[in-house]
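The values are calculated or read from the model by the stated rules, or taken from the named source; none is laboratory data. Everything quoted here is computed from the prediction, not taken from an experiment. Positions of Cβ are generated from backbone atoms using ideal geometry, with glycine treated the same way; all protein chains shown enter the neighbour counts. Heavy atoms of the whole protein, side chains included, go into the accessibility calculation; ligands, DNA and RNA do not. Shrake-Rupley method; radii C 1.70, N 1.55, O 1.52, S 1.80 Å.
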Amino acid sequence: MAKKKKVLVLNGPNLNLLGKRQPEIYGRLTLEQINRRIQALAKELGVEVEVRHSNSEGELVGWIQDAPKQFGAIVINPAAYTHSSVAIRDAITAAGIPTVEVHISNIYKREEFRRYSYVAAAAVGQITGFGVESYMLGLRAAVAQL
Ligand code: CA2
């Protein structure tokens, strides 16, 4: 499939714990179950999606740098790096492909430190607070950018 029809979905640190801890904030689905839902929607939308997770900032930066070779858009839940990572923001800007920032919880309804996103200014837009549905909305938004 041409790179224009491929979307890279990236998950940041601790999202591998989804469904195992703090279900009141992040829900009961595991990352694996969320990935299956994303793949089902991708099929419906006629796009190819690759989903990756890393707890490492450097690995995420590397994947973002390489993304334009293979992908037409990125959906990213940078998790805690949202609020700390100039490196991820710079990598998104450098990659130059449309990037949609997603969050399961509403980052504006929680602790003060979660209200600032370093990534937001480099993204086309941000989807926050719709639970797992944030990924589905994010994928639709990314596909609309292809
Ligand atoms: O709401 C989101 O999607 C977040 O990106 C999740 C991050 C948090 O740091 C952001 O402020 C908002 C945390 C991901 C950690 O996920 C866990 C899941 C289950 C148990 C513990 C952590």
Practice item. Just tell me which aspartates and glutamates come within less than 13 Å, Cα to Cα, of LYS69; anything on the same chain fewer than 8 places away is out. Key: none
**Study point:** Residue-wise HN-Hα coupling along the stretch 30-43, computed from phi with Karplus coefficients 6.51, -1.76, 1.60 (Hz; x: Gly, Pro)
**Key:** 7, 4, 4, 5, 5, 4, 5, 5, 4, 5, 5, 5, 4, 4
Practice item. Distance between Cα centroids, the stretch 25-73 to the stretch 118-146: provide it in whole Å. Key: 12
Check your understanding: Can you tell me the accessible area per residue over the stretch 1-101, all protein chains present, probe 1.4 angstrom, in square angstrom?
Key -> 49
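By per-residue mean of other Cβ atoms within 10 Å, what is the highest-first order of 36-44, 65-73?
Highest mean packing first, the order is 65-73, 36-44.
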Check your understanding: Tell me, what is the FRET efficiency for LYS69 and GLU112 to the nearest 0.05, using R0 = 41 angstrom and their Cβ-Cβ distance as r?
Key -> 0.60
Point to revise | Full-extension gain in nm, ARG21 to GLN145, via 0.36 nm per residue minus C-alpha separation | key: 41.3 nm
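Which shape class, rounded, prolate or oblate, goes with the chain when its Cα gyration tensor gives a ≥ b ≥ c as root eigenvalues, a/c under 1.5 marks rounded, and past that a/b bigger than b/c marks prolate?
Oblate, because a/c is 1.5 or more while a/b does not exceed b/c.
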Check your understanding: Residues with amide H under 5 Å of SER84's amide H, sequence separation 5 or more or different chain, H placed in the peptide plane at 1.01 Å from N; which?
Key -> TYR118
Practice item. Using a 1.4 Å probe over the heavy atoms of the protein chains, calculate the carbon and sulfur portion of the accessible area of the chain as a whole percent. Key: 50
**Study point:** HN-Hα J in Hz across the stretch 112-120 - Karplus 6.51, -1.76, 1.60, θ = phi - 60°, x for Gly and Pro
**Key:** 3, 5, 7, 6, 9, 10, 5, 7, 3
Review point. Could you give me the ³J(HN,Hα) list for the stretch 80-93, computed from phi with Karplus coefficients 6.51, -1.76, 1.60 and θ = phi - 60°, whole Hz, x at Gly and Pro?
Key: 4, 5, 3, 9, 9, 9, 5, 4, 5, 4, 5, 5, 5, 4
